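A short write-up of the structure that comes next.
The values are calculated or read from the model by the stated rules, or taken from the named source; none is laboratory data. Just so it is clear, the model here is predicted, and its values are computed rather than measured. Methodologically, a virtual Cβ is constructed for each residue, glycine included, from the backbone with ideal geometry; neighbour enumeration extends over all protein chains shown. Remember, those area values only see protein heavy atoms, side chains included, never the ligands or the DNA or RNA. Shrake-Rupley method; radii C 1.70, N 1.55, O 1.52, S 1.80 Å.
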Amino acid sequence: MKLPQGLTVASSSASSSKFTSPLVCKLQKSLYGLKQASRQWYAKLSQALYARGYTHSLNDYSLFIKRSDSSTVFLAIYVDDIILTGDDPKEINALKIFLDDQFKIKDLGLLNYFLGIELLYVDFGVLLHQRKFVSELVAEYGCSDASAVSSPLELCVKLKSDVGVLLPNPESYRSLVGKLNFLTHTRPDLCFAVQHLSQLLKSPRLPHMTAALHVLRYLKGTPDVGVHLNGSSDFSVQAFCDSDWASCSDSRRSVSGYCVFLGGSLISWKSKKQAVVCLSSAEAEYRAMSKVVAELVWLVRLLADLGMPLSSSIPVFCDSLAALHIAKNPVFYERTKHIEVDYHFIRTKLADGLISLHHVPTSSQLADIFTKCLTGAHHRLLLGKLGVLPPSNLGGGWIWA
């Protein structure tokens, strides 16, 4: 490694006569573990891909694309893990040879496992799941023999940051919540529970740990549940958004939740506490709507990079008529004049034709699962509509990766 700028090294006359080349640093540990290693690796890999005609997406810098008149090849990277796909087998094989010559890669064949996410190929699509990680997590915290439950959190549970006995070992709780957060990549059914538990990391208490272990009991009964991506040729996009007004018992802030579908497959979801206190449920719903519209703006650009430009407006479903009226009414009045201007970009995107707003009954609101605790029956009903299922519910044949 080259010496950092500004570092001066005093050298004796003997050493100066012995060394004629510039001084360098001798590493005391692997370069892979250094903080800047991933940045330097990305720069090196990018330079090699640029030389072969690849360009990175401006909407996701981990995505590289090479297009020609008759083919397209995509390369998705995460540090030194790479997914390669496209409709040009010759270019894909040539790229593998090139990368192996440059970096000595290992070709693992058909994608079965990536960053802890497993792929199960079924008759009509792919199931993304983390069964192995769930099994290990349940065993790690001694819940293998515990009875299973039907929902991640008990109905109407409201945890407070200052109620209960402090845990003697808070690191155990923080580690568990961190691992549960990793599971939300393929388990949308955990999103609301995990965001609720994540608010209590500073001073975890006994009731908080009890609630976290309740999530593990739910996972014990649903170890192989995952997100089903169907093989449909339909590339239409639709979104649902919802909120639970003043649901946080400590700050009285609301919880926003949304989900986005591509051709009937769930591709994006989030459950998060809002940054400010809302004065009404309509305002909370309006702020939740702004979050999903921001997500859609990015998704539309990303889909265009993937060669799937959208030609029609995206329907956004909300169960609050008041929020829909606020979005469609360009006039400021008493109920909306305190809302920040940046949230009103919903009106701009509505006028541009990117989105269209629609009312949906609360009973049909799919984003409800991201904002509150539900009964076991309602929880399972929404999961079926979201396509978050175990392989046994998909029918046909499947092969475990």
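Per-residue 3J(HN,Hα) values for segment 174-191, derived from phi via the Karplus relation 6.51 cos²θ - 1.76 cosθ + 1.60 with θ = phi - 60°, read 5, 5, 5, 5, x, 6, 5, 5, 5, 5, 5, 5, 10, 10, x, 5, 9, 4 Hz in sequence order (x marks Gly and Pro). In segment 233-363, Cα pairs under 8 Å separated by at least six residues give a relative contact order of 24 percent.
Once the Cα atoms are used to define both axes, helix 131-140 deviates from the longest principal axis of the chain by about 80 degrees. For the residue pairs K270/K385; K291/K349; K160/K220, the alpha carbons lie more than 23 Å apart in K160/K220. Loop-located GluC sites (Glu not before Pro) across segment 94-155 with a Cβ neighbour count of 14 or fewer within 10 Å are E154, with loop assigned by DSSP.
Relative to the longest principal axis of the Cα atoms of the chain, the long axis of helix 376-386 lies at roughly 60 degrees. If amide hydrogens are placed 1.01 Å from N in the peptide plane, which non-local residues have theirs closer than 5 Å to the one on I314? For I314, whose amide H was placed from the backbone, the distant partners under 5 Å are I355, S356. If you add up the charges near R253, with Lys and Arg at +1 and Asp and Glu at -1, over every other residue whose beta carbon is less than 12 angstrom from its beta carbon, what do you get? Net local charge, R253 excluded: +1. Compared with the dominant Cα axis of the chain, that is its longest principal axis, helix 37-51 is turned about 80°. Charge tally around D88: other residues with Cβ under 13 Å, Lys/Arg +1 each, Asp/Glu -1 each, net +2. Report summary: the helix-based calculation at 222 nm, which adds -39500 (n - 2.57) for every DSSP H run with n ≥ 4 and divides by the residues of the chain, gives -10500 deg cm²/dmol. Over the chain, Cα pairs under 8 Å with separation of 6+ residues give a relative contact order of 16 percent. Cross-link partners for K132 among the aspartates and glutamates, with Cα-Cα distance under 14 Å and sequence neighbours closer than 8 places in the same chain left out: E118, E140, D224.
For segment 41-101 versus segment 255-276, the inter-centroid distance based on Cα atoms is 30 Å. Residues whose amide H comes within less than 5 Å of that of D319, counting only those at least five positions distant or on another chain, are V360 (H built at 1.01 Å from N in the peptide plane). When DSSP beta bridges are restricted to pairs lying wholly in the chain, around 85% turn out antiparallel. Local charge for L200 was computed over the other residues whose Cβ lies under 11 Å away, with Lys and Arg +1 and Asp and Glu -1, and equals +2. The phi torsions of segment 292-302, fed into the Karplus equation with coefficients 6.51, -1.76 and 1.60 and a -60° offset, translate into couplings of 6, 5, 4, 5, 5, 4, 5, 5, 4, 5, 5 Hz, rounded to whole numbers, with Gly and Pro shown as x. For segment 165-312, carbon and sulfur atoms together expose 56% of the accessible surface, with a 1.4 angstrom probe and every protein chain in place.
Couplings 3J(HN,Hα) of segment 151-164, computed from phi: 8, x, 10, 5, 4, 6, 5, 10, 7, 10, 6, 10, 10, x Hz, in residue order, whole Hz [Karplus 6.51 cos²θ - 1.76 cosθ + 1.60, θ = phi - 60°; x for Gly and Pro]. Would you mind working out the accessible area per residue for the chain, using a 1.4 Å probe, and quoting it in Å²? Ligands and nucleic acids excluded, the result is 54 Å² per residue.
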